[in-house]
Structure formats: C-alpha cells, structure tokens
1. Using only the alpha-carbon atoms, what does the chain span along each of its principal axes? Please give whole angstrom values in decreasing order.
2. Quick one: check the C-alpha center-to-center distance for region 221-273 versus region 306-339, whole angstrom.
3. Take the eigenvalues of the Cα gyration tensor for region 55-200, scale each by 5, and report the square roots as semi-axes in whole Å, largest first.
4. Give me the lysines in straight-line cross-link reach of residue 290: C-alpha distance below 19 Å, same-chain residues under 8 apart excluded.
5. Taking the Cβ of residue 218 as the center, what net charge do the other residues with Cβ under 15 Å away carry, scoring Lys and Arg +1 and Asp and Glu -1?
6. May I ask you to list the trypsin sites (Lys or Arg not before Pro) in region 187-231 that are in a DSSP loop and have at most 13 other Cβ atoms within 10 Å of their Cβ?
7. For residue 181, give me every one of the lysines with a C-alpha distance below 19 angstrom, ignoring sequence neighbours fewer than eight places off in its own chain.
8. Counting Lys and Arg as +1 and Asp and Glu as -1, what is the net charge of the other residues whose Cβ lies under 13 Å from the Cβ of residue 335?
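The values are calculated or read from the model by the stated rules, or taken from the named source; none is laboratory data. In this text the structure is predicted, and so the values were computed from the model without any measurement. Cβ coordinates were reconstructed from backbone atoms using ideal geometry, including for glycine residues, and neighbour counts include every protein chain displayed. SASA here: full protein model, heavy atoms, side chains in, ligands and nucleic acids out. Shrake-Rupley method; radii C 1.70, N 1.55, O 1.52, S 1.80 Å.
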Amino acid sequence: MKKRIALLPGDGIGKEVVDVTVEVLKTVAEHFHHQFQFDYGLIGGDAIDQKGNPLPEETIAICKQADAIILGAVGGPKWDQNPMELRPERGLLALRKELDLFANLRPITTFDSLLDSSPLKKEYVNGVDFVIVRELTGGLYFGKPSERITYEGQEAVVDTLLYKRSEIERIIESAFEIASKRRRKHITSVDKANVLESSRVWREVAEEVAKRYPEVTLEHMLVDNAAMQLIRSPKQFDVIVTENMFGDILSDEASMITGSLGMLASASLSSTGLHLYEPIHGSAPDIAGKNIANPVATILSAAMMLRQSFGLEEEAKAIEKAVDNVLNSGTRTADLAQGNKAASTKQMAEEIKNALADDHAILNIMEAYS
Ligand code: IPM
Ligand code: MG
C-alpha cells in the first residue's frame, strides 16, 4: 500500500516523539511491504518564528495532499506572552477547524504491566477500557464574541458557548456508531444540563439519536459528577461523549488512570476522511530536547492511523503488541520509571522497533511452515 503521511512535529517534545514514530512506521513499511511517504509541515511556535503564523498556508496544503496527519504537540513558554492570534495553540485550533476534525477519540485503556504506575489503587484500574469522544470544533473554543468588553459600565470579558444543533447531532451520532459497532454498547453523555441551555439541547439531541440505536444504552451524567466517577469507579464507562471544553478537562483527568499522560493516543476524525492523529500530552517544554520523553503515545497514535485511516488492522496490532511486549520486559521512560533506570526516547522506540521486527520474523517463519 502507498500512502502519504503529513508530519507536523510542532514544538518541544513534539519533534522528538514524531521523529522516533517515523522510525517505527518505516519498520512497519519494511516488514509489511508498504510505501509511506512523509511530508513535513510547520505548526505552532516554530511556525510563528519562521513564518509569522502558527498555521502557515503551506502546512494546510501539505495536510490536504496527505492521506493522514500525525501531529506532535504545540506550545511553550517562549510564546506565552504573545497575543492570542500568535499563540502556538491557535495553529492547532485553526487546523482542527480548517480540516473539520470534529470528533476527537481518546481511548483510555490500561496496560497490565503499568497497573502499579497509576495513582489509583490497582483494583479500580485493572480492566479499565473506555473511550472519550470529545467534540472538537465548537463550543467555547470557537464561539464569537470572545473578547474584552465593557458591560454595565465596567471592564468585562465574554466567551461564547455556541453549538449548531447539527454539530451536536454529528458528534453524538459518531459516539453511537462507535458504541454500537466497536464497543460494549453503553454511552455516557456528559453535560451540565442543570445549568446550561446548550447542555439541555445536547440532552435532547442525544435522546433523539438514541432512538435510532435501540441496542445502545444511553445514560446522562452531569460533568461534575463525571469528574468524580472517573476516579471513584472508572470501569463503569464504555463510551463517553461530551462537548469540547468538558472533553478537554475530563480527558486529562482520565489519562492519570493509566499512570502517565505519555501513554495516551488520540485520533481526530473529520467529515472529509482526512484524519489527524496525535498524543494527548502537550509539548512539555521542561523536558524538551533531552531525549527523555515517552514516545509511546505518538507511536500508538500512529497505530490508530494505520487502523482507522488505512484499514491496516494487522499492522496496527503489531505496533500495539510490540509496545506491550517492551513494557512487559520492564523498559520504561522516565515518566514511568519510578526512580529506576529509565530508557531514553530513542531507546524506547528502538526496542519497540526490535519487538516489531522479532515478532514479524516469527510470524513469517510460522507462515512458511504452515
Ligand atoms: C488538547 C490540548 C489543546 C486543547 C490545546 C493545546 C489547545 O489541551 O488537545 O487537549 O485544549 O484542545
Ligand atoms: Mg487538553
């Protein structure tokens, strides 16, 4: 299979984790006889420095020519004082909007070998397996007005939580599709319907969509309760669907169930079929350039890409299995090493590549003799 992959490493550790993910993808290409072409684009702080724009036109063009996009991370203290439109995060938000990447899937699953790394007790964490479906192109992130104003004669500020009904419907529909076809057929729709009108409409729409999926159970949960339930009993969840801001907050919270933000992959799916894959962690400027970041989240995002965008199930599984094998062997990056000797970003990726190659060699031998 021939595919073009746009790479947007971005800032901080984004570059390091994308670099080694490319190496893993090259190993996959070699063993499974695919051709992946990689095209690099600038985004975030780097793009501001070089082009004066967090999302240059060239980057959008590179993405649009690609079959899928892998992004590292954006942001850093260097640009913290910049005006809003010249902040690195603007680049990512503009890209989500431009490519209509409205459905952000954030799977939360635990690795057996990492159960002790979670700050929660093992018995609460063991077997956790759910996905957060976060709306990504609406709500407070994009609503206008968003500005400083004068209100009742005083200095004031306004952000706007705006959703078209159709935007709510399509994200809830995506969640039902996932729950019904790929998971355990249970949806928790998270809102703040006791306070917000937008949440009341969200609930109405969820109930409407639910009628078309009689095999799926829908439950509603207020966001404050959901934040509590994620810690109290995370195993109750299968698919969580929620609006942009709630999803941002809950997904960072949920990540700690697994032990490290450095483990979690995500996919942002669009209406056009051109999807973006990225780790859910940020640019971690404090550890950037030190070759100590955990690359697993980005490597697993690449596995999601192979499965979701290219239909390469076997290849995706091979990466996931290689990651699992390496973790089982005890190798850990600093975020998970708990004071023990830690592997570098490159060593971790190298071991994953070797595990992939070993495993594949065994498969080939088995095939040859069967
Ligand atoms: C995320 C990040 C982004 C967001 C930032 C970098 C704009 O936190 O992908 O969760 O808030 O969506
Ligand atoms: Mg976030």
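1. Projected onto the principal axes, the Cα atoms of the chain cover 75, 51, 43 Å.
2. Distance between centres, Cα-based: 20 Å.
3. 31, 23, 20
4. Partners found: 15, 78, 341, 346.
5. Around residue 218, the charge tally is -4.
6. 212
7. Partners found: 211, 317.
8. +1
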